[in-house]
Structure formats: structure tokens, C-alpha cells
Amino acid sequence: MFPGGNTGLAHLKQDAPMLAAAVDILKDCARVDILGLKDGGTIDSPLAAPLRPQVPALKPGHTYLLEIVVRTLTLGHHFTQGTADSNEIWLDAQLSSEGRTVGRSGGLGPHNEVDPWAHFLNVYMLDKDGHRIDRRNAQDIFTPLYDHQIPPGAGQIVHYTFTVPADQRGPLQVDIALRHRKFDTIYLNYIYRSGYKAGDPLTVSNDLPITTIATDSLTFPIEGGAAPAAANPGSAIVPWQRWNDYGIGLLLEGNKGASKGELIQAAEAFGRVESLGYPDGPLNLARVYFKEGRLDDAISALQRAAAFNPPAPRWVLAWLNGQVAKRAGDLDKAIANYRSIVEDRYPELDRRGFDFTKDYIVLNELGQTLLERSRQERAAPERRRHYLEQAAAQFERTLAVDSENATAHYNLALIAEALGDEKKAAEHRASHERYRVDDNAADRAIALARKADKAADHAAEAIVIYPLQRPGAPGLAGSHE
């Protein structure tokens, strides 16, 4: 009953105060920014950004790529988290001219179902046979086809492509809305239709409330056409944040296996942030350089981030310095940096209420680095044992937080074996086998899902470009829904 994203429960209970509280906490928990435009319509086309108050004139017949940034604001968790398989959160994008819709993605169909080719900020979760988890059957959750959640304080890039009609003369307006509905229409059909199963035609309309979390809009003039009735206002987002959010979105795409071009563009965005005088620029440049294997450049960027006044956050610098040092082979430096995250206390941590002592990602990284360090001491048995025992202590701290952590069990099995404790090694091997991800089974489920659902297959690509003029799209002028 606490205020959150469950507008569906409030609606079904006809509880107006509860619904108002849920809507209030949803609004502005994220923001939308129409940041840039690429003439040519491809990822590698030249970027015009940031848009507003000046925007380029569009050329009739040309194809463009819109660069939209969605950024989380008030959340301390991933967006959406929780029942992320069944939360329905999507971008509704519309391109219009003089009252006529000429591009749409994210419109509603005849049963209020969202266009399946829209961009959803959810997890498309599968069971072992590649069927979508679509009726809150949490016991069958196995692996995601894709995960479009946004980490707290991070950005996500959404790409839209459109072609300006050859006879276009009036300005083109772009409207982007981030919308939320607790459950999708398929789920409502499961609830209200006896015997409904996946793939059956929809007959029940979805009357659950839709909340608009955030919006953005602008108007493009057309070369040789009439000027817009009013100038575009400037963005309310300060320039360095726009560039930083864009860079983070590009970097996250790069982490999913996107092209090297995304990382190059991320570096350019973070370079803009640094030139505007913010330590986030070199800090995030270090992430890009580390991803690319440019360790010397990463070290230099981290040094610049530390030299700002105020400097970049101490714990973030320690994490990145640890990663760079480990890859460079300086294990002692890496160990010192990782230890500082989980062991040091200082006023800034207390002020912000941060406690990394249970951060099992850092604990595992520290344990693995200590284990690797032990291998450098084969000629000194006592020192080797010291590092092995220190590594084991970190993995045990992880298990105190997450008893099913496969990484911790795997490494504890290696350590126990190295220390001659075969019984303990066997116990951890058995636990690792129980809790590890079955990659072969996951690959099979994903392949089946991609074959069965073309819209989801498209959304699962590392870089997804959503067409605003897809024939048949709900809400598009001339479409037959």
C-alpha cells in the first residue's frame, strides 16, 4: 500500500488518494531529452547537438536519426525494477505537421495495447522454453531476452529514424512521452478471459490508467518552407548534463556489444563535459578507454578527474583505478584500491549514507585479485597461503550477503583445493554447479524467443533503431490498425 508504481492496484480498488499518490511519485522520476539529430539516418551519420534553442532545418526527402536520452532522476534502484517483466513502460514518439501525424511509435491499438514495436523500458523475461513470462508466473523465470532497465542516475539512448516527405513544406513537430501502465493488455486478457493463452487474439481492452512520467518536444523548420509559428525554447537541462547523459547512454550501448563507433561518440560526449569544467567528463572517459583497452589514457583521465576541485567521488576513482591497475598487472595497487572501497570510512560516505561493506561486486573483485596475487607467490608458500586466506575471507563476506553467489562458490572451491581442503572444495563446487547460469540452456531459450517474436527480436539488438514510419503502426496516419 505504500506509494510506488502500482497504479493498477489503486485503480482496481477505486482508491483515488492511493492512485494520486502513485501518480505523484511516478511523475518526473525520469526525464526525456531530444538531444540530437543525424542527417543520413544512421548511427555513424554526423551529429547535430545539442538541439535547442537552435535546430537545423530539415531537407525534404532526407532521412534522419533522432537521438533521444532517457535519464533516471529520483530513483535509488534500476528503472523499473520490481516486477520488471510485467511493468509496462514505453516511449510514445510522434512526428506531426499541421495536425497530421506523419510518424508514430508507441501508439495504442484497438484494445489499448501498446504498439509491440515501441521502445519498452522493461525486461523481456523468458522461461526455459523461450516463452515470455507474461502472466506473473515468476516461478518460471529463467533468462532475459533483453533488459532495457536504466540504472539509477544513468542515461539510455533511444534512436528513431524518419524520412521527411518529399513534398513537406510545413514545420515538423516531434513529441516524446515516457509513459507508464502497471500491466499490459495481454496480462489483462489472462485475468478476465477463462482459458486465454499466449498468442490468442485480444478481446479485453486495457482500462488501467496510463501515467505520463516525462515529455519533451521541439519543432523543426523545413528548408524552403514556412517558418515555425514560435521559436523553440531552450532546454531546461544544463549543457554538461545533456552531454554526460548522452555519453553514458552510448557507453551502456557499447557495453552490450554495440559498434566501436558508439564508444568513439561516447568519448566525444565526455570530452565536451570535461571542457565545460566537470570531473564527470574525464571520469567517464576513463570508462571508455578501459573498455577499449587504452590503459595509459585511462590512467591519465583518472588523474585529471582526481585533480578537479571538487574531485570526482573517491569511491568511484578507487573502483576505476582498481580495474585499470588489475588489467595492467599491478595487483597490489588494485588490491589497495578495492580495499579502500569496502574498508575506509570518511565524512562524505557518512553524509550521503553510503556503505559499501556489503557490495559483493567489489568484494568478489577484491577476492579474485587476491587469488591472482597468490599465484605470484608460488616460491613463497607462507605468503601464498596469506593471499589465499585473504581472498577466501572476501568471498565468505559475499556469501554472507548472497548465499547463492556462483562467483564466490567457484573461487572458494579453487582456494580450498589450493589449500588442500578437498572436502570444502567439493562443497563449493557442488554449490557453484547448482547456482551457476546454464549458458547453453539460456542461448536455446533466447533463440526460440527471437524466432517467435519479431518485434522483441528487433528490440534485443545491441543497437536498436525504431522506425517512426513503420506501415501499420497504431496511430500513424494511413495505417490500418
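Scanning segment 399-446 for residues that are in a helix (DSSP H, G or I), under 27 Å from Lys128 (Cβ atoms) and in contact with a helix residue (DSSP H, G or I) (Cβ under 6 Å, 6 or more places away or on another chain) returns Leu399, Ala406, Thr407, Ala408, His409, Tyr410, Ala413, His428, Arg429, Ser431, His432, Tyr435. The helices (runs of 4 or more DSSP H) located wholly in segment 224-299 that include 3 or more residues which are over 25 Å from Leu73 (Cα atoms) and not basic (Lys, Arg) occupy 280-292. Scoring Arg136 on the criteria (1) surrounded by fewer than 19 Cβ atoms within 10 Å (Cβ to Cβ); (2) of a type outside the set (Asp, Glu); (3) over 23 Å from Thr7 (Cβ atoms) leaves a single failure, condition (3). Within segment 300-309, the presence of at least one residue that is out of contact with any strand residue (DSSP E or B) (no Cβ under 8 Å at 6 or more places or on another chain), farther than 24 Å from Ile415 by Cα and charged (D, E, K, R) is confirmed. Only one of (1) at negative phi; (2) modelled with pLDDT under 95 is not met by Gly353, so which one is it? All conditions are met except number (1). Which one is farthest from Leu26 (Cα to Cα) among residues in segment 74-110 that are hydrophobic (A, V, I, L, M, F, W, C) and in contact with a strand residue (DSSP E or B) (Cβ under 6 Å, 6 or more places away or on another chain)? My answer is Val102. Among residues of segment 284-337 being buried (at least 17 other Cβ atoms within 10 Å of the Cβ) and polar (S, T, N, Q), the one that is nearest to the chain's Cα centre (by Cα) is Asn284.
Scanning segment 338-351 for residues that are under 27 Å from the mean Cα position of the chain (by Cα) and either β-branched (Val, Ile, Thr) or surrounded by fewer than 10 Cβ atoms within 10 Å (Cβ to Cβ) (or both) gives Ile341, Val342. When restricted to residues that are at pLDDT 95 or above and either more than 23 Å from Glu262 (Cβ to Cβ) or outside the structural domain of Leu108 (by TED's automatic domain parsing) (or both), segment 171-184 contains 8.
Condition check ((1) of a type outside the set (Gly, Ala, Ser); (2) over 24 Å from Arg104 (Cα atoms); (3) at pLDDT below 95; (4) outside the structural domain of His159 (by TED's automatic domain parsing)) across all residues:
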site	(1), (2), (3), (4)
Gln376	yes, yes, no, yes
Asn411	yes, yes, no, yes
Leu419	yes, yes, no, yes
Arg429	yes, yes, no, yes
Ala442	no, yes, yes, yes
Ala477	no, no, yes, yes
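Just name the residue that is nearest to the chain's Cα centre (by Cα) out of those in segment 162-178 that are within 28 Å of Thr80 (Cα to Cα) and crowded, with 20+ Cβ neighbours inside 10 Å. Applying the filter and picking the extreme gives Leu178. From the residues in segment 139-161 that are under 28 Å from Arg444 (Cβ atoms) and out of contact with any Asp or Glu (no Cβ under 9 Å at 6 or more places or on another chain), which one is surrounded by the most Cβ atoms within 10 Å (Cβ to Cβ)? Filtering first and then ranking leaves His148.
If I filter segment 160-173 for residues that are closer than 30 Å to His77 by Cα and not aromatic (Phe, Trp, Tyr), do I get at least one hit? No, segment 160-173 contains no residue that is closer than 30 Å to His77 by Cα and not aromatic (Phe, Trp, Tyr). Among (1) assigned to a helix (DSSP H, G or I); (2) over 15 Å from Asp332 (Cα atoms), where does Ala379 come up short? Checking Ala379 against (1) assigned to a helix (DSSP H, G or I); (2) over 15 Å from Asp332 (Cα atoms), the one that fails is (1).
Screening Thr74 with (1) buried (at least 19 other Cβ atoms within 10 Å of the Cβ); (2) hydroxyl-bearing (Ser, Thr, Tyr); (3) touching an Asp or Glu at 6+ places or on another chain (Cβ under 8 Å) gives one miss only, at (1). Restricted to segment 54-71, and to residues there that are touching a Ser or Thr at 6+ places or on another chain (Cβ under 8 Å) and within 17 Å of Ser217 (Cβ to Cβ), the residue that is surrounded by the most Cβ atoms within 10 Å (Cβ to Cβ) is Leu66.
Among the residues making up segment 301-339, those that are assigned by TED's automatic domain parsing to the domain that holds Gln390, free of Cβ contacts under 8 Å to residues at least 24 places away in the same chain and either part of a helix (DSSP H, G or I) or under 16 Å from Arg287 (Cα atoms) (or both) are Ala318, Asn321, Ala325, Lys333, Ala336, Asn337.
Summed over segment 341-367, residues that are in a helix (DSSP H, G or I) and either farther than 24 Å from Pro313 by Cα or aromatic (Phe, Trp, Tyr) (or both) total 1.
Where residues in segment 238-253 are surrounded by fewer than 18 Cβ atoms within 10 Å (Cβ to Cβ) and not aromatic (Phe, Trp, Tyr), which of them is farthest from Phe270 (Cα to Cα)? That would be Val238.
The values are calculated or read from the model by the stated rules, or taken from the named source; none is laboratory data. Here the structure is a predicted model, which means the values were calculated and not measured. Because the Cβ atoms are built from the backbone with ideal geometry, glycine has one as well, and the counts that use them run over all protein chains shown.
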